[in-house]
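Asker: Have a look at this one before I ask anything.
No lab work stands behind these numbers, since they all come straight from the coordinates. None of these values were measured; they are calculated from a predicted model. Here the Cβ positions follow ideal geometry from the backbone for every residue, glycine too, while neighbour counts run over all protein chains shown.
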Amino acid sequence: MKSINLKVNQITRVEGHGNIVLKVSGGKIQELKWEVTESPRFFEAMMRGRYYEDVPYLASRICGICSIAHTTASIQAVEAAFGIQPSAQTMLLRKLLFNAELLESHVLHVLFLAAPDFLGAGSVFPLLQTHPDIVVMALRLKKLAYNLAEALAGRKTHPLSCEVGGFAKMPDLKELEAIRKRLEAALVDFDTVVGLYKGLRIPDFTRETEYIALKDAGEYAFISGDIASTDAGIIPLSNYLKVTNEFCVPHSTAKYTRHKRDSYMVGALARFNNNHKQLLPRAQKVAAELGLKAPCYNPFMITVAQLVESFHAAEDSINLIDQILSRGVATEDNAVKPKAGRGIGAVEAPRGILFHDYTFDKNGVLTNANCVIPTNQNHNNIQKDMEALVPLILDRPEDEIRLRLEMLVRAYDPCISCSTH
Amino acid sequence: MKPKVAFFDFSGCEGCQLDALNLDAGDVVDLLNAVDIVNFREVMTERADDYDIAFIEGSVTRESEIARLQKIRSQAKVLVALGACASIGGVNCLKNHLPMEEALRIVYGDKAGYYDTIPARPANAVVAVDYYVRGCPPVTGELVKVVKALLLGKKPEIPNFPVCVECKMAGNICVFERGKTCLGPVIRAGCSAICVTSGRHCWGCRGLVDEPNVDSEKDILQKYGLTVAQVVEKFKIYNTYGDVAK
């Protein structure tokens, strides 16, 4: 009978530190664990005592990949606490900035982190020799997303111009016009990626779970809406704690969550399963071409859902730039009057629904903070997926089991240091 | 032989490493012609314990990280602190103002006993650091400059004058003139005053210049309406490692 003693120490090509442990003896699984070993940073403790304008600045530092998502959720939580309604112009700019990060993050995952597994490489670097066109294109797409964020917020990692109340600086419209042209070209590049992914063999594995995402009646939700669950329907944002139910396990410095079942999933596939009808036409077409159909219960398809969303974000960005160009931009007064109270901000970060929940005193000093990160919500689902997957592949060689488990974790595109904020 | 380069992440957001990937395709090819990247967990599966140059990202916040950093130091010929967390402790040091038990309790409640943490510290509080790439995150140009300098065995020229100098050169209206407050007068330049240029103010992520006139800055901040307590809060975000962490 088979024995396995497998430990993947600090799985690579993911953000942060996590281990996979699998012990099998006599053909029976003795131990199977997804361990999160990343050092916690205590942001919720560090935010206490901060003046409101420093809170989104600090929140951004929770994550180097999705800093725009954290900044936006944080700004919206402060605005909710102070009763500030952002202007129509601010919402257009925020959505466009949000798309920039989504594009950059998805390109990073689809092409740099996930693709090497399918192409038999350990990283993107050898692909410079074997698939130079793809690597150059990936760098070009990343640069475009980066430049879009730069045009709106000064930079992508830890954005600057977006603040509580609006934008501290208006973008240069000529720059946006030039980026619009590059977005058109990016849609052609993404078609090439679709061609690449059509030729890849996505593992065939399904496990139905609960899928949770923001939902907005007006659009494929990223920075507005309430909570949607495939098990429980629509839940108002104010009840988010009843959805997340965070709990601690000793082998993980990141908290876990559960709602209607043992675990739930957030992220691109959860968004797709809840909101696919609201995708823009080109993204819908690509989903069909890649065989992504709602409801989809295969976690390995998360990467495909990200590719579909990349089309949506590129097309949506073109539309947003057109609106901004036609209405023009004007500097607005972002003066803020703090007041005592609590506010919740929720956005769909690239890896899923993200909550920031703050309480301020009357001087605008933060007294309590709670942040629930997408990857926190996925850790438990990764564990349950592993438990369902391993028995199906136990007869395979150990190296193959190891690679398949690593690919499963990578499919979730986990942002581990974010989850141990 | 091309020098072997390794990247290691400690406690931080990993944004510095990811920003390093924002080079143009041509620069990436140039870089790979000049060095062998042998360890970069975030983007590659291969790893090696044989390296010459180690980039350290993040601050040290656990006992286990002290031993890990010491081991890296004993292997590396050159050790580079990448970003604010590794260079000056970064935002992580904000937790040092609390007893560690209190920080653990705020975040983990009655399960605090599962976890461990120590006051956050920069790399040079644990081992000798040869080069610094400052900023939160660093500007890509400075990273390239430092890499070039260390490949040539030279010291990179990093400004030791305040952000105000570059801010003036960028043509910005002084933040104080706009009725807001700023740490620019005492913080090391090299960032082209990107935060002020983007409509905000300086938070101090590159650390103090050598011999900063902190008292004078505190006077200015108070003159513009901040109380002593508020002034201290402003500095806390990046620049109190030396004051509170023992």
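Asker: Given a cut-off of under 8 Å on Cα pairs at least six residues apart, what relative contact order in percent is computed for chain A?
Answerer: It rounds to 25 percent for chain A.
Asker: What nm value, rounded to one decimal, do you get for the distance between A:L392 and A:T359 when each label is placed 7 Å out toward the C-beta?
Answerer: 4.5
Asker: What is the local net charge at A:N378, summed over the other residues whose Cβ is closer than 15 Å to its Cβ (Lys, Arg +1; Asp, Glu -1)?
Answerer: Numbers: positive: A:R207, A:K255, A:R258, A:R261, A:R271, A:R351, A:K384, A:R410; negative: A:E15, A:E35, A:E38, A:E210, A:E246, A:D262, A:E348, A:D385, A:E387, A:D413.
Residues near A:N378 contribute -2 overall.
Asker: Give the shape of region B:113-246 as rounded, prolate or oblate, defined through the alpha-carbon gyration tensor: a ≥ b ≥ c are the square roots of its eigenvalues, a/c under 1.5 means rounded, and otherwise the shape is prolate if a/b is larger than b/c and oblate if not.
Answerer: Numbers: a/c = 2.04, a/b = 1.14, b/c = 1.79.
It comes out oblate by the Cα gyration axes.
Asker: Quick one: longest stretch of chain A between exposed loop trypsin sites (Lys or Arg not before Pro), exposed meaning at most 10 other C-beta atoms within 10 Å and loop per DSSP? Before the final figure, lay out each step's value.
Answerer: Values: sites that count: A:R201, A:K362.
The answer is A:1-200.
Asker: Between A:D322 and A:L173, what length in nm is gained on full extension when 0.36 nm per residue of separation is reduced by their alpha carbon distance?
Answerer: Working: separation 149, 0.36 × 149 = 53.64 nm, distance 1.03 nm.
This chain segment gains 52.6 nm when fully extended.
Asker: Additional query: For A:A330 and A:E184, what is the calculated FRET efficiency with R₀ set at 30 Å and r taken between the beta-carbons, to the nearest 0.05?
Answerer: On the way: r = 27 Å, r/R0 = 0.89.
Once the sixth-power term is evaluated, E becomes 0.65.
Asker: Oh, and also: Give the residue from A:S252, A:L237, A:A168 lying farthest towards the positive end of the charge dipole for region A:132-270; charges sit on Cβ (+1 for Lys and Arg, -1 for Asp and Glu) and the dipole is referred to the Cα centre.
Answerer: Of the candidates, A:S252 comes out farthest on the positive side.
Asker: Roughly speaking, what is the stretch gain from A:A294 to A:K23, that is 0.36 nm per residue apart minus the C-alpha to C-alpha distance, in nm to one decimal?
Answerer: Details: separation 271, 0.36 × 271 = 97.56 nm, distance 3.48 nm.
94.1 nm is the gain from fully extending A:A294 to A:K23.
Asker: Moving on. Using a Cα-Cα cut-off of under 14 Å, which aspartates and glutamates could be cross-linked to A:K384, ignoring same-chain neighbours fewer than 8 residues away?
Answerer: A:E31, A:E35, A:E208, A:E210, A:D262
Asker: If you don't mind, there's one more thing I want to ask. Would you mind giving the three semi-axes, in whole Å and largest first, of the ellipsoid equivalent to the protein assembly as shown according to its Cα gyration tensor? Spell out each step's value before the answer.
Answerer: On the way: eigenvalues 247, 172, 138 Å².
Values for the protein assembly as shown, descending: 35, 29, 26 Å.
Asker: Starting from the Cα of B:D30, step 7 Å toward the Cβ, then list every residue of region B:141-155 with an amide N under 13 Å from that point.
Answerer: Within reach of a label on B:D30, which here means backbone N under 13 Å from a point 7 Å along Cα→Cβ, region B:141-155 contributes B:141-149.
Asker: Right, something else. Given Cα pairs under 8 Å that are at least 6 residues apart, what percent is the relative contact order of region B:1-98?
Answerer: Working: 138 pairs, mean separation 33.9, N = 98.
Relative contact order, region B:1-98: 35 percent.
Asker: Report, largest value first, the span of the C-alpha coordinates of region A:263-403 along each principal axis, in whole Å.
Answerer: 64, 42, 24
Asker: Nearest 5 is fine: what % of DSSP beta bridges in the protein assembly as shown come out antiparallel, could you say? Before the final figure, lay out the partial values.
Answerer: Working: 45 of 66 bridges.
Of all bridge pairs located within the protein assembly as shown, approximately 70 percent are antiparallel.
Asker: On to the next question. Taking the Cβ of A:V164 as the center, what net charge do the other residues with Cβ under 15 Å away carry, scoring Lys and Arg +1 and Asp and Glu -1? Intermediate values should be presented prior to the final figure.
Answerer: Numbers: positive: A:R50, A:R94, A:K169, A:K337, A:K339, B:K180, B:R200; negative: A:E53, A:D54, A:E79, A:E163, A:E332, A:D333.
Summing Lys/Arg as +1 and Asp/Glu as -1 gives +1.
Asker: Right, another one. Under the definition of Cα pairs under 8 Å and six or more residues apart, what whole-number percent is the relative contact order of region B:46-154? Walk me through the numbers before you get to the answer.
Answerer: Details: 163 pairs, mean separation 36.6, N = 109.
34 percent.
Asker: When the C-alpha atoms of chain B are aligned to their principal axes, what extent does each axis show, in angstrom, from largest down?
Answerer: 57, 51, 28
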